[in-house]
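One structure follows; several queries about it will come next.
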Amino acid sequence: MSSKDARWTHLMRVTVPIGALALVLAGCATGGDGGGGTTEAPSSDKVAAVIKGLDNPFFQAMEDGINDTAEQDGVDVTVQAAADIGDTTGQADKLTALAGQDFGCYIVNPISGTNLVQALSQISSAGKAIVNIDSPIDPDAAETANLDIATYIGTDNGAAGGKAGDFVVEQVPASSEVAIIGGIAGDVTSAARIDGFKEAVGDTLTVVQESAADWKRELALTAATDIIAANPNVTAFFAANDDMGLGIVKAIENAGLTGQIVVVSVDGNQDALESVEAGGLTATVAQYPYAIGSLGVQACEVVAGGETLPENIESPTALVTKDVAADAIAAFPQPFEEFENPLTDLLAE
């Protein structure tokens, strides 16, 4: 085990003895739409996870976190992924196929706030645990469908956007022009990050344009090219994910302005970290999908042991700039800063 693996194990995980795990997973308690309730014991100790498309490295790292933690804890897990970031129907079909199978806990990372609700209704009515990670299920839709959700695990997206905004304010003169490129229009995660960024910059900077690029690098490249042409005094960009941030970096390079425009994004994917180290992206707010996946499996272990989860579990974030990029790369996909696992005490009970 490497030193970074040892650090992650110490900070993030408390191992449940495999011999006891079958007994621990024999029962399952879920929180009523955010923690606190108890349901009938499921018939299986198996865990199913349905996540977003593996075309994005963020969700590749999330899958690694799920699989690694399951292997280390002796948990039987099946992971299914959408075809791509926009495959709402395909993702729902995968969960529907798993819903009637012998799983005791379901980890779900929905593409939209509502695309998995119908399948989750079947799961919830069967008394099986639902752990919602990364992208929240729409609360109104969850209430209408009478979903019993054990917990939500994910980044405080508003705070992540705020970290980016605070950094940009420090990097450019007051009253500078900045632009924003978000994900899919109306997406709650993108909106939270953008709102956090705007709140942080306040009246100090002027947001001259805001566009949506559907989380995709090539669309962000086109959008940023147009923004630069229309706003020659733009000094900084905020992108709601790394793929779009890297598209902006390419647009800046094409315009011959490398090093002259600040670009900050959110995710902390390895290619983004390498871009920060190389001087492309100015910074990224790393949110550690590996940790989110790992916490998802551990949450299933906790509810299986009959413990009540908190309504929300915040996963770690860290601002990665050029001076710490090498440390972040060396630790990837694990956090390079210390993080106290919020589930440690519950796993130990």
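The values are calculated or read from the model by the stated rules, or taken from the named source; none is laboratory data. All values reported here derive from a predicted model rather than from experimental measurement. Counting neighbours? That spans all protein chains shown, and the Cβs are built from the backbone with ideal geometry, glycine included. Note: areas computed on protein heavy atoms with side chains; ligands, DNA, RNA excluded. Shrake-Rupley method; radii C 1.70, N 1.55, O 1.52, S 1.80 Å.
Only one residue in 329, 313, 292 is over 24 Å from residue 214 (Cα atoms), part of a helix (DSSP H, G or I) and within 20 Å of the chain's Cα centre (by Cα). Which one? Outline the logic, then answer.
Working: 313 fails: part of a helix (DSSP H, G or I); 292 fails: over 24 Å from residue 214 (Cα atoms).
Within the list 329, 313, 292, the selection yields 329.
Turning to a different aspect of this structure: What are the pairs, 6+ residues apart or on separate chains, where a residue within segment 89-111 that is under 22 Å from residue 291 (Cα atoms) and among the hydroxyl-bearing types (Ser, Thr, Tyr) has its Cβ under 7 Å from a residue that is open to solvent by less than 10 Å² (accessible area, probe 1.4 Å) and assigned to a helix (DSSP H, G or I)?
106/123
When you check residue 280 against the structure, is it open to solvent by 30 Å² or more (accessible area, probe 1.4 Å) and assigned to a loop (DSSP other than H, G, I, E, B), yes or no?
Details: open to solvent by 30 Å² or more (accessible area, probe 1.4 Å): no; assigned to a loop (DSSP other than H, G, I, E, B): yes.
It is false that residue 280 is open to solvent by 30 Å² or more (accessible area, probe 1.4 Å) and assigned to a loop (DSSP other than H, G, I, E, B).
Take segment 309-338 and flag every residue that is open to solvent by 10 Å² or more (accessible area, probe 1.4 Å), in contact (Cβ under 8 Å) with a residue 60 or more places away in the chain and out of contact with any strand residue (DSSP E or B) (no Cβ under 9 Å at 6 or more places or on another chain).
The answer is 330, 333, 334, 338.
Take residue 164 and tell me if it is more than 18 Å from residue 194 (Cβ to Cβ), hydrophobic (A, V, I, L, M, F, W, C) and either assigned to a loop (DSSP other than H, G, I, E, B) or in contact (Cβ under 8 Å) with a residue 24 or more places away in the chain (or both). Lay out the reasoning, then the answer.
Numbers: more than 18 Å from residue 194 (Cβ to Cβ): no; hydrophobic (A, V, I, L, M, F, W, C): yes; either assigned to a loop (DSSP other than H, G, I, E, B) or in contact (Cβ under 8 Å) with a residue 24 or more places away in the chain (or both): yes.
No, not satisfied.
Could you count how many residues in segment 166-180 are surrounded by 24 or more Cβ atoms within 10 Å (Cβ to Cβ) and not aliphatic (A, V, I, L, M)?
Qualifying residue count, segment 166-180: 0.
Additional query: Do you know which of the residues in segment 141-161 that are over 18 Å from the mean Cα position of the chain (by Cα) and assigned to a helix (DSSP H, G or I) is surrounded by the fewest Cβ atoms within 10 Å (Cβ to Cβ)? Show your work before the answer.
Our first condition is that a residue be over 18 Å from the mean Cα position of the chain (by Cα); within segment 141-161, this holds for 141-148.
Next, from what is left, pick out any that are assigned to a helix (DSSP H, G or I): 141-144.
Values: 141: 18, 142: 23, 143: 10, 144: 12.
Once the filter is applied, the top-ranked residue is 143.
So, in segment 181-220, exactly how many residues are part of a helix (DSSP H, G or I) and either in contact with a Pro (Cβ under 8 Å, 6 or more places away or on another chain) or surrounded by 22 or more Cβ atoms within 10 Å (Cβ to Cβ) (or both)? Step through it out loud before you land on a result.
To start, the set of residues in segment 181-220 that are part of a helix (DSSP H, G or I) comprises 188-201, 217-220.
Going one step further and asking which of them are either in contact with a Pro (Cβ under 8 Å, 6 or more places away or on another chain) or surrounded by 22 or more Cβ atoms within 10 Å (Cβ to Cβ) (or both), we end up with 188-190, 193-194, 196-197, 201, 220.
Counting residues in segment 181-220 that are part of a helix (DSSP H, G or I) and either in contact with a Pro (Cβ under 8 Å, 6 or more places away or on another chain) or surrounded by 22 or more Cβ atoms within 10 Å (Cβ to Cβ) (or both) gives 9.
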